[in-house]
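Let me begin by presenting the structure, written as structure tokens, before commenting on it.
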There are 2 protein chains.
Amino acid sequence: MTKDKKPDWDGCPTRYAAGIVGDKWCFLILRDVLLHGKRTYSEFLKGPEGISTNILANRLARLEAADMLDRQIDPRKASRVCYFPTRKARDVLPALISIMVWSTKYDPATEAPASFAAGYQADPIAAIDWYEAEIDRIDAEILARFDHGQ
Amino acid sequence: MTKDKKPDWDGCPTRYAAGIVGDKWCFLILRDVLLHGKRTYSEFLKGPEGISTNILANRLARLEAADMLDRQIDPRKASRVCYFPTRKARDVLPALISIMVWSTKYDPATEAPASFAAGYQADPIAAIDWYEAEIDRIDAEILARFDHGQ
DNA sequence: GAATTTTTCTTGCAATATGCAAGTGATAAA
DNA sequence: TTTATCACTTGCATATTGCAAGAAAAATTC
């Protein structure tokens, strides 16, 4: 970016993001899928925020349509559906972690340990990589079960 | 952050952030105040998204209550009200810019020039500082008018 | 192999939130 | 003194949400 002139394009990237993550429930589902290893309808439903079933179904469909979640049926157990985060969803990790660091600074009731923000600030890239690796691990484990049963 | 153990706290920072910025309109008002130099009710109202007046009033009050906006009446012209971004609001800049960079990558219709993401990635701190300086400049200008008339 | 359970949703309905248009009150300008 | 501006409020039709119940398709248990 140039250092002495204000960019004159009209804020559309914010609007695009608002359309996808600018919704409380989508935001929390993304947290669950990116940070808490959740992949199934019933796991999302069990979250502490108590999303209702119709809203959950609606938001999962919306996130799938936005290419944030990849819906796959377990070939070994057709009643089980898994929602995997896409590359596009994974790529919100930096922004997600960044806003979480902000929350730990301003929420007096934060449950996040100080080490969370400190670790991120010390080495942001390593922190993101760590979460990505977790996602890889979880998805690989599920896909392995898909392939050679149980 | 430790590199080999998953943090076990329960995602509250995401929920805190969702409560404040996890709303389309709050998100866009924050964009306007942090990135577009808007400070007054009528400026927010004129935005291209067409927020309705009751919703705008509601969200401004919500953001003020969340300590994101500082509402001040122009002492020289009592019919004019200014909403200034607080330090807390300014501190969402890194996350806001980060999600905007994400949008430029995934929105095929993005209006942001490639230089935006490139500039941020080359030197994130300088980019944030540039926006902070703009905010300082705008607010100083308004406050100066507050003091010596006109 | 019949009955129960699990899992992923769908439907109906009351409550809440939103969008739109019009109105209000307090300045400020003409 | 009249008109205009600015920051909201109010009323009402429509849309979205939350809650509870249901339903279809497996999968498991007996």
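Plainly put, the tip 7 Å out from Cα toward Cβ on A:Asp123 is 2.6 nm from that tip on each other copy, the closest given first.
Between copies, the label points at B:Asp74 (set 7 angstrom from Cα along Cα-to-Cβ) are spaced 6.4 nm, reported in nanometres from shortest to longest.
Here the sum of -39500 (n - 2.57) over DSSP H runs of 4 or more residues, divided by the residues of chain A, equals -18500 deg cm²/dmol at 222 nm, to the nearest 500. For B:Arg145, the label point sits 7 Å beyond Cα toward Cβ; its separations from the matching points on the remaining copies run 6.1 nm, from shortest to longest. All distinct Cα pairs of chain B go into the 1/r average, and the inverse of that average, the Kirkwood radius, is 17.2 Å. Entry comment: accessible area of segment B:12-147 is 44 Å² per residue, from protein heavy atoms only and a probe of 1.4 Å. To the nearest 0.05, how large is the calculated FRET efficiency for B:Asp139 and B:Ala61 if R₀ is 25 Å and r is the Cβ-Cβ distance? Given R0 = 25 Å and the Cβ-Cβ separation, E is 0.75. Total buried accessible area between A and B, probe 1.4 Å, nearest 100: 5100 Å².
In degrees, nearest 10, range 0 to 90: what is the angle between the Cα axis of helix B:12-21 and the longest Cα principal axis of chain B? Relative to chain B, helix B:12-21 is tipped by roughly 30 degrees.
With kT/(6 pi eta Rh) evaluated at 20 °C and eta = 1.002 mPa s, and Rh the Kirkwood radius from Cα pairs, the protein assembly as shown diffuses with a coefficient of 104 µm²/s according to Stokes-Einstein.
Carbon-plus-sulfur fraction of the accessible area of segment A:44-150, 1.4 Å probe, in percent? Summing carbon and sulfur atoms, their accessible area is 53 percent of the total for segment A:44-150.
Between the Cα long axis of helix B:124-147 and the first principal axis of chain B there is an angle of about 10°, rounded to the nearest 10.
Comparing A:Pro94, A:Pro48, A:Pro75 in a Gaussian network model of chain A where C-alpha atoms under 10 Å apart are linked, the largest mean-square fluctuation is found at A:Pro48. Loop sites only, by DSSP: take the trypsin sites (Lys or Arg not before Pro) in chain A that have at most 15 other C-beta atoms within 10 Å and name the longest stretch containing none of them. Formally, the longest exposed-site-free interval is A:78-150.
The values are calculated or read from the model by the stated rules, or taken from the named source; none is laboratory data. These numbers were taken from a predicted model, which means no experiment stands behind them. Ideal geometry is used to build each Cβ from the backbone, glycine not excepted, and the neighbour counts take in all protein chains shown. Heavy atoms of the whole protein, side chains included, go into the accessibility calculation; ligands, DNA and RNA do not. Shrake-Rupley method; radii C 1.70, N 1.55, O 1.52, S 1.80 Å.
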